[in-house]
Amino acid sequence: MIEISRQKPKFRFAPSPNGPLHLGHALSAILNHDMAAKAGGDFLLRIEDIDQTRCTPDFETGIYSDLSWLGLRWQEPVRRQSEHFPAYQEALQALIERGLVYPAFLTRGEVKARVTALESDGRPWPRDRDGTPLYPSDDRERSDAERRRLLASGMKHAWRLDMEKALAAACGPLHWQESGDGETSAIPADPAAWGDVVLSRSDAPSSYHLSVVVDDAVQGITHVVRGLDLFHATSIHRLLQTLLGLPEPLYHHHRLLLGSDGKKLSKSMGDTGIAEWRRQGLSPVELRRRICL
Ligand code: GLU
């Protein structure tokens, strides 16, 4: 059950056009659409295409076509992240000015080598919830003068959140409101488990985490309904919302659809693609039944 706030409820489906939509996306889109209708709210569509190396216009066209076939209608205009890089840059700049982010110069290979060296005494270096080693402290510990020198030399860099400083600036424990079966509960956020998360890369001016909180605020999203795979990422989103003074939406993380191998569906699994269902002549009603809606 989704609680209705006094503001007009706004839901969004936010796919990335980096592959064909599968049944898991259909579940998420339909849930958002139907919950918005039930709450008398709006259903918005956002195209999360910050990664310009993997997103293509064809996949984007496929999203519109699949969602229309499912019978979903969304409010125009669609927000395309690639058209809003200055908004993410502004948010990043605000964090830079408060000293809450730092330029990170280590390449992927250097991080790997550093972690191997750190683990040479047999003690494992901490990993985040996705199993990725936390970013080593080398860049965080650089002096301002050293940072300025490296930046002036034109060295490629990302911007990472200084988690310790960010937590201190957030002043106190963070929670988010999760709506479940008929009730809403406060979930303690644990952003520290993710270490110094990346907010912008040299090849992508914003990260998913930064853009998603900016966009949810700009679009006035009151209800974030998305898969359980993003449950723990919400910790980072609550921290960024707090640091940037952005409103807090209500969250609902829905069940995931699993493939026959027991794993989460992926965009490379053609047999579970919505387009494939359409090609086989199945109807949207049959698709809804297949995903137990
Ligand atoms: N773009 C993300 C995805 O396709 C969804 C992000 C979100 O709903 O917050 O998995």
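Numbers for the structure displayed
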| quantity | calculated |
| --- | --- |
| Scope the range 215-274; condition part of a strand (DSSP E or B), touching a Pro at 6+ places or on another chain (Cβ under 8 Å) and more than 11 Å from the ligand (Cβ to nearest atom); matching residues | His223, Gly273 |
| Number of positions in the range 129-155 that are surrounded by 12 or more Cβ atoms within 10 Å (Cβ to Cβ) and closer than 28 Å to Ala233 by Cα | 11 |
| Members of the range 29-65 that are within 12 Å of the ligand (Cβ to nearest atom) and either farther than 25 Å from Arg290 by Cβ or surrounded by fewer than 21 Cβ atoms within 10 Å (Cβ to Cβ) (or both) | Leu44, Arg46, Ile47, Glu48, Asp49, Ile50, Asp51, Arg54, Cys55, Phe59 |
| Residues (part of a loop (DSSP other than H, G, I, E, B) and free of Cβ contacts under 8 Å to residues at least 40 places away in the same chain) located in the range 139-170 | Asp139, Glu141, Ser143, Ser153, Gly154 |
| Which listed residue is open to solvent by 90 Å² or more (accessible area, probe 1.4 Å), out of contact with any helix residue (DSSP H, G or I) (no Cβ under 7 Å at 6 or more places or on another chain) and assigned to a helix (DSSP H, G or I), from Pro86, Pro124 | Pro86 |
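The values are calculated or read from the model by the stated rules, or taken from the named source; none is laboratory data. This structure is a prediction, so every number in the text was calculated from the model and none was measured. Positions of Cβ are generated from backbone atoms using ideal geometry, with glycine treated the same way; all protein chains shown enter the neighbour counts. Just the protein is used for accessible areas: all its heavy atoms, side chains included, with ligands, DNA and RNA removed. Shrake-Rupley method; radii C 1.70, N 1.55, O 1.52, S 1.80 Å.
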